[in-house]
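Note sheet for the following structure.
The values are calculated or read from the model by the stated rules, or taken from the named source; none is laboratory data. All values reported here derive from a predicted model rather than from experimental measurement. Cβ placement follows ideal geometry from the backbone for every residue including glycine, while neighbour counts extend to all protein chains displayed.
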Amino acid sequence: MTGGTWLAAVQNLDRAIGTATPEQQKLAAIAGVSLRGLPFVVAAARLRDALGESLQTQPRPIKGDGALEWLEDLASASGRKTPSPRSAEELHAWVSYFLMRRRSANLKRLKPEPGDLVRRPDRGDDWLEMVSSVDRHGRVWFHGRGRWAYPDLIEMALRASRQGVNAEAKRQAALNRSIGRPGRTWSLAKHRDLAPFHTPVGATIDQVDELELTIETAKDEKPIQAFLEGHPELLASLVRGPDRYVVGQPRLGDEYVPDFVVADADSNGVRWVLVEIETPRSSTTVKSQNLLEKHARIGLAQIQDWRTWLERNLHKAQSPRSAGGLGLYDISPRADGYLIVGREHLLNENASAVRQTIAVESRVEVMTYDRFLNRLRAAITFQGVPAANAALFQRDARLQPDLEFLAD
């Protein structure tokens, strides 16, 4: 959580939903597209699609009707005509636009200040929270252990300036409730234990370009491993929590050494992913059979071995480093896996089908280095709601999505 004021949040949101900037218009002229009437966040999506060929990416088609129906509902509730997005990127940008527009309007209505008491309309004074701050995304944070709500779902119950015996009793009840609330799985002590691996956000496109050059000249994965260890912020850019951790080559007992385990942490706890890299000089699959090529097969087997070790040694894995454990708090034997291997120009025709089967059956996404580079660039340059950023490593279903209210 980052402390702030509702006014600063409104200014940040209004910039995102405001009109396209002169800089965007200049890029649009180069790309040969029109940004007329588009808000900043949607203009950014259209530019990314228009410049996709130059960036070696392709616009993703819209799949399914669910997101389109959501967009229609949001537009209708705003009294606006439903836009006609050209791609999945634009669709997510329009959804973000309407959500941020609604959030900004509700912040202006509430004007929440530290010490104010708010409530959910459906629960009345049985559900009171004391405001501590408002972050740049417009989330209203409460006193206690990592609870927040979007302003769309709350109403003002009592201003901090209100005096009187009844007002003081309500404030004390809200504070007592926050103090007595059971703790979440993440804590400052755990953060301190993992401090050596804490990785601030700050990856740059120049670093991605350097990584690409390393990949182009690499005969195997070793120089790529070394580059990523020297620039952990690249892997950290693919997760979305406020605190991010990249652990290079942790030892799982005396048996296994994963290339990387990467995590992000928020009030829900910490979520880990397992990352294995193999040689870029691989076709990924066997041409004559629907099987992984040798190097990719070894990489998948290693991820499965790590999971087996975690299942048998979970207590050691999750125990604090100060107590002889690995400090991989909340890690699961079912942690998602990412295997990076091969290049796009080496793929066989059966690559997509084989990778999709593995993703479903093994919870491991097999991607080429080209796709990995594209995801890094997209993640670094993304503007909008983090939950809509398709470039990120996707969250496990156990964690509630960013757009949902954190219920009791």
- Task: Could you tell me whether residue 264 is without any contact (Cβ under 8 Å) to a residue 60 or more places away in the chain and in contact with a Lys or Arg (Cβ under 8 Å, 6 or more places away or on another chain)?
- Result: yes
For the structure I just gave you, tell me whether residue 317 is farther than 30 Å from residue 187 by Cβ and modelled with pLDDT of 85 or more.
no
* Asked: Would you call residue 292 surrounded by fewer than 22 Cβ atoms within 10 Å (Cβ to Cβ), more than 23 Å from the chain's Cα centre (by Cα) and of a type in the set (A, V, I, L, M)?
  -> no
Open item on the list: So, residue 299, is that one closer than 20 Å to residue 223 by Cβ, in the same structural domain as residue 368 (by TED's automatic domain parsing) and not aliphatic (A, V, I, L, M) or not?
Closed with: yes
- Message: Taking the conditions exactly as written (at pLDDT below 90 and in contact with an Asp or Glu (Cβ under 7 Å, 6 or more places away or on another chain)), does residue 243 satisfy them or not?
- Response: yes
Quick count over region 96-134, residues being among the charged types (D, E, K, R) and modelled with pLDDT of 90 or more, is 8
Considering only helices (runs of 4 or more DSSP H) wholly within region 11-105, the ones with at least 1 residues that are under 23 Å from residue 151 (Cβ atoms) are 40-50, 66-77
The residue that is nearest to residue 196 (Cα to Cα), considering only those in region 319-367 that are in contact with an Asp or Glu (Cβ under 8 Å, 6 or more places away or on another chain) and of a type in the set (S, T, N, Q), is 322
Condition set part of a helix (DSSP H, G or I) and of a type in the set (A, V, I, L, M, F, W, C), scope region 310-335, selection farthest from residue 257 (Cα to Cα): answer is 323
Among the residues of region 224-259, the number that are assigned to a helix (DSSP H, G or I), of a type outside the set (A, V, I, L, M) and exposed (fewer than 14 other Cβ atoms within 10 Å of the Cβ) is 1
Check: Can residue 261 be described as at pLDDT 95 or above and over 19 Å from residue 374 (Cα atoms)?
Finding: yes
The residue that is farthest from residue 359 (Cα to Cα), considering only those in region 291-309 that are part of a helix (DSSP H, G or I) and among the hydrophobic types (A, V, I, L, M, F, W, C), is 309
